[in-house]
Each structure stands twice: as C-alpha cells, then as structure tokens.
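Everything below concerns the one structure shown next.
The values are calculated or read from the model by the stated rules, or taken from the named source; none is laboratory data. All figures in this text were calculated on a predicted structure; none of them were measured in a lab. Counting neighbours? That spans all protein chains shown, and the Cβs are built from the backbone with ideal geometry, glycine included.
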Amino acid sequence: MADIKTNLNAILSQIPENVQLVAVSKTKPNEDIMEAYEAGQRVFGENKAQDLVTKFDTLPKDIEWHYIGHLQTNKVKYLAPFVHTVEAVDSIKLLKEINKKAKSHNRVINCFLQFHIATEESKFGYSYKEVEELLNSEAYKAFEHIQIAGVMGMGTFTDDMEAVRKEFKTLKGYFDQLKKDFFSDDENFKEISMGMSNDFAVAIEEGSTQVRIGSDIFGARNY
Ligand SMILES: *Cc1c(COP(=O)(O)O)cnc(C)c1O
C-alpha cells in the first residue's frame, strides 16, 4: 500500500509555494483522502459528480472541492451548493447552467476555461477563438454568479516532454493574452491549471499556478 503522507510530502517538496496542489482523489476511498487531509492537504479534485457529492457529504467541510472532469449540465445542480471550482468549463451552455444554479444558492462559483492543447482528438476544450467569442458575448456579460478564475489544459499523454512543454507554453500564452484583453482589472483571473503526475515539473517550469496530481500521491487507480 502506498504511504500517502510520504508521497504527499515528496510532491510538496517539488512544488514552489505559489503553486497550488489539487490532490486528485477520484476512485479513492475516504480513508485515503483522510490520510492526505491529516497531513494538511485541503484541496481535492474529483471527476464524477455522484462520487463528489458522496465525498462532500461524508468528509470534513473545510475541504475545497474542485471538479476536474467533463461536467454534464444536468449534473450541475448536485454540485452547485458546495463546489469551489469547476475546472473544465468547455461550453457556454455549461457556464449558463452553473451561473443559474449558483444564483439559486446565492453563491459565486469559480470556473476555469478548458483549452484544447493536446494533439489527441478526444480531449475536450476550447480553441482561443471560441473563448474570445464567449467572452465578447452578451450572454457571458450577464453572468453574475460565476467568476472566470483561470484556464485549464491537459497535455498529450506521451513521454515526449518537449512536445508537452510546447502545449503548456501555448496555454500560458492564451492565459497572458486573455489577461491583457479581458481581465486586466480582474485580480481573480489568475490561475493556470496544468500539470499531472507525469508532467507537473515541466508544467511548473512553464508557469503553472495549480497542478492536479493523483497517482503520485494515492497510487495507481484500479477502475
Ligand atoms: C485524473 C486526472 C488528473 C490526475 O492524473 P494523475 O496522472 O493521476 O496525476 C489530473 N487532471 C485531470 C483532469 C484528471 O482527470
């Protein structure tokens, strides 16, 4: 069995203080999450709405939950009462639903815009042009219960770290451009969520402010 506390501290020693660690606990039981919690970790990521609701209900309430997967609009209502950040927003329809449900709970929910930066076809996410259109739309300007707090992307799953580095550079470039063109007065637009167990060191070198790490902390997942 993996020693979660040892793994967590090993990861933390490789992450600068200004980079936030999201401990990706998907598929892992509450006992594992509590080991990381007791070692001081408070930010966790999940990618199944039902699992996230169950974990929220049964684990300490000071955990900051990030939803890191592709979110279907019909699941937003389950997460809206408590989710801190929806990391992978990839449609205006989803943003609209998050705004609506956040409003009904009198909350503001952080959202990251997910960009498609990998070469794989299957991955979700926006192009830069699509995001410009979104941010210029009247619909977007009317949303009062969402905060676009940053961008998120996943590198190609490969051992070729120079290819992944290029993808992370692209995401950093998108962030900088959006900051300049749309969010220059908005100090809450500040996060670049990139880097997982296999590529977080490169992501940090390329400007990541938030890494999402699962297997290096909790061990391999068995689905
Ligand atoms: C599973 C997952 C991670 C963590 O992956 P590891 O390789 O286990 O670190 C990070 N981000 C997203 C979006 C994920 O789905």
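For this structure, a couple of remarks:
- Qualifying positions in region 110-151 - within 19 Å of LYS169 (Cβ to Cβ) and basic (Lys, Arg): LYS123, LYS129
- Residue pairs whose Cβ atoms lie under 6 Å apart, separated by 6 or more positions or on different chains, with the first residue in region 30-42 and within 18 Å of VAL211 (Cα to Cα) and the second of a type in the set (Gly, Ala, Ser) and not in a loop (DSSP other than H, G, I, E, B), are ALA36/ALA23; GLN41/ALA23.
- Neighbours by Cβ (under 8 Å, 6+ apart or cross-chain): first from region 89-117, closer than 17 Å to TRP65 by Cα and at pLDDT 95 or above; second in a helix (DSSP H, G or I) and among the hydroxyl-bearing types (Ser, Thr, Tyr): none
- Residue match in region 108-129 (condition: away from the ligand (no atom under 12 Å from the Cβ), closer than 27 Å to THR156 by Cβ, of a type in the set (S, T, N, Q) and not in a loop (DSSP other than H, G, I, E, B)): yes
- Evaluation of GLY69 against (1) closer than 19 Å to PHE56 by Cβ; (2) at pLDDT 95 or above (one fails), failing number: (2)
- Condition check for SER127 on (1) among the hydroxyl-bearing types (Ser, Thr, Tyr); (2) within 18 Å of the chain's Cα centre (by Cα); (3) modelled with pLDDT of 95 or more: one failure, at (3).
- Top-ranked residue of region 34-47 - restricted to ones that are over 13 Å from the mean Cα position of the chain (by Cα) and closer than 17 Å to THR85 by Cβ, ranked as farthest from the ligand (Cβ to nearest atom): ARG42
- For region 1-24, the candidate set comprises residues that are over 21 Å from GLU205 (Cβ atoms) and either in contact with an Asp or Glu (Cβ under 7 Å, 6 or more places away or on another chain) or among the basic types (Lys, Arg) (or both); within that set, the residue that is surrounded by the most Cβ atoms within 10 Å (Cβ to Cβ) is ILE4.
- All positions within region 176-214 that are polar (S, T, N, Q) and surrounded by fewer than 21 Cβ atoms within 10 Å (Cβ to Cβ): GLN177, SER184, ASN188, SER197, ASN198, THR209
This table checks each residue for (1) crowded, with 20+ Cβ neighbours inside 10 Å; (2) aliphatic (A, V, I, L, M); (3) more than 25 Å from LYS101 (Cβ to Cβ).
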{"residue": "GLU120", "(1), (2), (3)": "no, no, yes"}
{"residue": "PHE124", "(1), (2), (3)": "no, no, no"}
{"residue": "LYS129", "(1), (2), (3)": "no, no, yes"}
{"residue": "LEU135", "(1), (2), (3)": "no, yes, no"}
{"residue": "GLU138", "(1), (2), (3)": "no, no, no"}
